[in-house]
1. Looking only at segment 88-120, count how many residues are under 13 Å from residue 148 (Cβ atoms) and in contact with a Lys or Arg (Cβ under 8 Å, 6 or more places away or on another chain).
2. Which condition number does residue 24 fail, the rest of (1) part of a helix (DSSP H, G or I); (2) at pLDDT below 90; (3) of a type in the set (Asp, Glu) being met?
3. Just one of 56, 64 is out of contact with any helix residue (DSSP H, G or I) (no Cβ under 9 Å at 6 or more places or on another chain), over 27 Å from residue 240 (Cβ atoms), at pLDDT below 95 and loosely packed, with under 15 Cβ neighbours inside 10 Å; which is it?
4. Under the condition of being farther than 13 Å from residue 225 by Cα and part of a loop (DSSP other than H, G, I, E, B), which residue from segment 248-272 is modelled with the highest pLDDT?
5. Going through segment 119-147 one residue at a time, which ones are surrounded by fewer than 17 Cβ atoms within 10 Å (Cβ to Cβ) and either in a loop (DSSP other than H, G, I, E, B) or polar (S, T, N, Q) (or both)?
6. Just checking, which of 228, 275, 236 is under 18 Å from residue 140 (Cβ atoms), modelled with pLDDT of 90 or more and surrounded by 19 or more Cβ atoms within 10 Å (Cβ to Cβ)?
7. Scan segment 155-163 and tell me whether some residue there is part of a helix (DSSP H, G or I), within 18 Å of residue 232 (Cβ to Cβ) and modelled with pLDDT of 90 or more.
8. Does segment 71-90 hold any residues that are surrounded by 14 or more Cβ atoms within 10 Å (Cβ to Cβ) and of a type in the set (Val, Ile, Thr), and which are they?
Amino acid sequence: MLKKTVFCIFCLSVISLGIFAQNDDDSQNNENQGVTVEIAKEAWGLYVQYRRLTNEVKNYWENEIETGLRDGKYTNNIRLSQYQRIKNIFDRLLTSQYLRRDVNKYNWRIYLQNTNSLNAFAAIDGIIIINKGIVDFCQNDDELAIIIGHEIAHMTEDHVKKQLGARIVKEPIIEHISSFIAQRKNKRLNTEEISDKEISDKEMFQLVFGLAGELALLKYSRSQEEKADEEGAKFAASVGYDTEKGYDLWSRMALNSSNGWSNFLSTHPNSDHRAKEFLNGNYKRKYYRAYTGE
């Protein structure tokens with residue numbers, strides 16, 4: 001995934017160099033070509049960093065789960081009714097025909113976290129965490145299947161890895177583009193001197209691009225959440241769960257959420273919006289199959 005991101009960034013940088021270099025002389029064009037090579041090297045370095053970070057995150061979660069199980073933060077004790085409930089739903093969801101290509105792709109595991117907060121999340125490499133609070137909040141297995149299916153979808157869509165990649169590339173790209181634009185704006189040619197005006201402009205561009213970058217990442221994340229809602233509902237409906245209960249689930253959740261600009265800048269869609277999507281999504285009509293236990 002990050003290979004595509006790095007390639008796009010490289011192309012964008014080359015285009016930017018071409019635009020700003022249109023009126024430059026040959027020596028300046030040679031300088032720009034050198035900058036392009038440096039950008040390519042750094043883009044590859046970002047990819048290597050991404051692979052290393054992905055492995056570190058995997059190791060972190062393996063250690064986190066091992067320690068958490070020992071300390072009582074998490075449980076996978078099938079004799080506990082709450083864990084047995086989520087494990088049964090989880091195993092049933094993994095039999096969905098829409099998950100056939102992903103069943104053997106990950107080391108699927110689900111854990112109950114001993115906290116009353118209303119939350120659930122996908123970690124990495126098939127690890128799903130469901131908080132005790134969200135289990136209690138769900139009034140039936142259909143609602144809980146929608147929550148668990150949503151987290152499974154985050155995994156199958158590689159959303160965790162995509163977010164890691166986006167975070168890695170954001171700051172270096174903002175730094176380079178801000179510096180480049182500030183230099184060209186102040187027409188600094190063939191000198192290493194940095195004016196106060198250039199520093200001021202660079203800081204301004206970093207602020208503008210930084211805010212734009214944060215909003216872009218948030219929008220991307222909300223898009224991921226909406227995709228996970230859709231895919232998770234598909235998984236649930238295809239093994240006999242009533243996805244129309246998603247409207248009840250998110251309507252109740254909306255009562256516990258604040259409204260306004262905080263929702264706009266949230267990484268999750270507005271709960272009321274999600275409720276309407278389940279009402280209008282026709283997931284049950286499209287994907288419902290009676291569960292036979294096979």
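1. Looking only at that region, the number is 3.
2. (1)
3. 56
4. 256
5. Matches in segment 119-147: 119, 139, 140.
6. On the way: 228 fails: under 18 Å from residue 140 (Cβ atoms); 275 fails: modelled with pLDDT of 90 or more.
Among 228, 275, 236, only 236 is under 18 Å from residue 140 (Cβ atoms), modelled with pLDDT of 90 or more and surrounded by 19 or more Cβ atoms within 10 Å (Cβ to Cβ).
7. Yes - at least one qualifying residue is present in segment 155-163.
8. Residues satisfying the conditions are 75, 86, 89.
The values are calculated or read from the model by the stated rules, or taken from the named source; none is laboratory data. Only a predicted model underlies this, so the values are computations on that prediction, with no experimental measurement involved. Cβ: placed from backbone, ideal geometry, glycine included. Neighbour counts: every protein chain shown.
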